[in-house]
1. Across 5 Å bins from 0, what is the distribution of all Cα-Cα pair distances for the range 337-382, in whole percents?
2. Identify all lysines with a Cα-Cα distance to LYS388 below 16 Å; exclude those on the same chain that are fewer than 8 residues away in sequence.
3. Once label points are set 7 Å from the Cα along Cα→Cβ at both LEU172 and ALA263, what is their separation, rounded to one decimal in nm?
4. Can you tell me how much longer the chain between ARG607 and MET584 gets when fully stretched, taken as 0.36 nm per residue apart minus their C-alpha distance, in nm with one decimal?
5. For the range 310-455, which whole percent of the accessible surface, found with a 1.4 angstrom probe, sits on carbon and sulfur atoms?
6. Where only protein heavy atoms count, and the probe is 1.4 Å, what is the accessible area per residue for the range 431-552 in Å²?
7. Can you compute 3J(HN,Hα) from phi for each residue in the range 298-304, using the Karplus curve 6.51 cos²θ - 1.76 cosθ + 1.60 with θ = phi - 60°, rounded to whole Hz and x for Gly and Pro?
8. As a check on your grasp of the helix formula, calculate [θ] at 222 nm for the chain: sum -39500 (n - 2.57) over DSSP H runs of n ≥ 4, divide by the residue count, round to the nearest 500.
Amino acid sequence: MAERLFTRPTEPARPPRVARHGRARRVVPPPSWTVLGMLLVVLAGVLFVGAYANAAFVPDRQHTDHGQTRVPADVVDGGPILTAADGDVRSYRLPARTLALTFDDGPDPTWTPEILRVLAKYDVPATFFVMGSQVARHPGLVRDMVVAGHEIGVHTFTHPDLATLPGWRRRLEYAQTQLALASAAGVEATLVRFPYSSFANAIDDHDWPLVTEAGDLGYLTVLNDTDSLDWERPGVDRVVANAVPPGYSGAITLWHDAGGDRAQTVAALDRYIPLMKERGYRFTTVTEGLNLALAAAGIDQRAVANPPASGADRWRGTILAWAVRGADATLGLFGILFVVVGVLTIGRTVMLFVLALRHARRRRSRTWAWGPPVTDPVSVVVPAYNEKEGIAAAVRSLAGGDHPGGIEVIVVDDGSTDGTADIVDALGLPNVRVVRKPNGGKSSALNTGVALARHDLIVMVDGDTVLERDSVRRLVQPFADPQVGAVAGNVKVGNRTSLIAKWQHIEYVIGFNLDRRLYETLRCMSTVPGAIGAFRRQALRYAGGVSDDTLAEDTDITMAVGRAGWKVVYEETARAWTEAPATMGQLWKQRYRWSYGTMQAMWKHRRSLLDQGASGRYTRRCLLFLSLFGVLLPLMAPVIDLLAIYGLFFLDRTATAIAWLVMLGVQFLTAAVAFRLDREKLGVLWVLPLQQFVYRQLMYLVLLQSVVTALTGGRLGWQKLRRTGLEPAVSSGNG
């Protein structure tokens, strides 16, 4: 049918600006692509910083034997402290009975304080080779180290295999760690220990350039004499034994204060320190031990540990630390939002399957009926503003309805400038009246039509909507139940040829009509669509008529009717065909008005949350579901896409792809159920995956900008979309 509904497009006149209640109505603002671009750049930057700080850009060490042909023999056979500035290579050992405790990979908020506690217990200094990213996250621990007299060295910013990185990246790793230290404790570091390094005799041709480069940059390279292997967690006894040097030789011992469970490290230190003191050992920092070695060798030089950092470096380091902590906080927030989105999505899906399917089964039962057939006459109100493209088809479809009680059609021309009223007059239909009035907005037009209607059952239909021949008759049947005050019809997209229209068709079937089954079951229907809806005159009177307080007058009046204690139900067999926006710009205009108007309606009715009786019960349910599934879930849904992109680049790609496909599978399943209930063909669902990459992003921006506008205020008048016009629907029923 969709292919036969349209004619050549024309451009309607722009609506004038009119003042209402002393305020000028604003036109819909265009999509803020600049704002969106800036937002995406900021988010991309935050995610990049988070990935970088978590070492997502560097591979782990893959050990290979590169030989030692370029490494000086004095280095291979020498001590663990190396200087290599300007080609002058020297190595040093600590004096006998001298130990330097060194700790890698920290600081860690759990284990570093425990290790500092043990060191303070025995009044022992140590040297901590810290990771810059961890310093940025936990600056207080570094300050505690410096205040306690411990020494700080560089262990790079992200713990990469430095030999695999280009020179600029290596220098960046050192420099960023220095900035983090400057911000955290106001000091610089003169010592460096490369990730994955060990003993002097293990240096090969692959690693040797790192030593010479570090020397040229002013660093002392620190290796170790004994490795506790505490990271393997072999047991406290084994850790202690691994750290004991042979005989009474001096040694730099390697430990870890981060990277996993370090309970064995803490326990081993509590044994190791008193044990080595009993053997006559003294404990020093690396630099202090080096100075002892220099003095013993008669060398009149002294190394300086942790000189003060410049003020400029402190400021730069503070900005770096803010970036890292901000990225961590953002990723942590995204993780929480991901869980919330998952819970809401699963909860909504479960409710849809359970309650919407129950609703459908009940309606399809042979014994189901609203009551005795409703044959009372019906007044159909059509508000129209510049609807020349589709008004004739719409009015013909309404006037030709098969409702046995008769149909009165009232077309309220709200100051059209394109001859809409003349087109309707020219039809010469006996049951159609045309009312002309100055432009006052859709709410004013609807209220005018209701006031002039002769009957108590009132159907409201947009001027661009074509109804099937039996739609009015089916729509009013729920009024057989005297508690029903309003009925929502089934809105269908007629122009399904374009990709954008197909996406909207899917959205209408899933997001609108399937949801309405759920909301009717829970008695919290929030919107009777303007395209096709029916009301009792008495319910409209109770609700105070159609208000122009919001841009979503259909949501506003529906909530008012529900608060008045009337049932609001959904009649899926009453179908109306509407023309969906054909361009992104038109779609933006329509959805912005919907989103903003819905928020206005929620705000308007917020005080009734505390009402007693039917009003309070309805409002609490209605606003809860609108808040969760109409605002909160769509606002947070981009987290799924952002984390999916982040995961594909920086996390487990397989797990990320599976998670995304599971979410898509849930959407496919929901869509299949909705399409089956609405008796729609499933073939169009091939565009559903594409919907995730374009359409959803536009809806995110619409809602985001609507929230911003809602916070700043503003009003909109009639927002006309570009229409091509609908021909009368050929179908006479639902088959």
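The values are calculated or read from the model by the stated rules, or taken from the named source; none is laboratory data. Quick caveat, the model's predicted, so the values are computed rather than measured. Because the Cβ atoms are built from the backbone with ideal geometry, glycine has one as well, and the counts that use them run over all protein chains shown. We work out accessible area using only protein heavy atoms, side chains counted, and drop any ligands, DNA or RNA first. Shrake-Rupley method; radii C 1.70, N 1.55, O 1.52, S 1.80 Å.
1. P(r) for the range 337-382, in whole percents per bin: 5, 16, 12, 11, 11, 12, 12, 9, 7, 4, 1.
2. LYS720
3. For the pair LEU172/ALA263, the computed spacing is 4.0 nm.
4. Values: separation 23, 0.36 × 23 = 8.28 nm, distance 3.60 nm.
Value of the extension gain: 4.7 nm.
5. Details: 4170 of 6680 Å².
Reported share for carbon and sulfur atoms: 62 percent.
6. On the way: 3610 Å² over 122 residues.
With all protein chains present, the range 431-552 gives 30 Å² per residue.
7. Listing the rounded values in order: x, 8, 8, 9, 9, 8, 9 Hz.
8. On the way: 27 runs with 329 residues, N = 735.
Taken over the chain, the calculation gives -14000 deg cm²/dmol.
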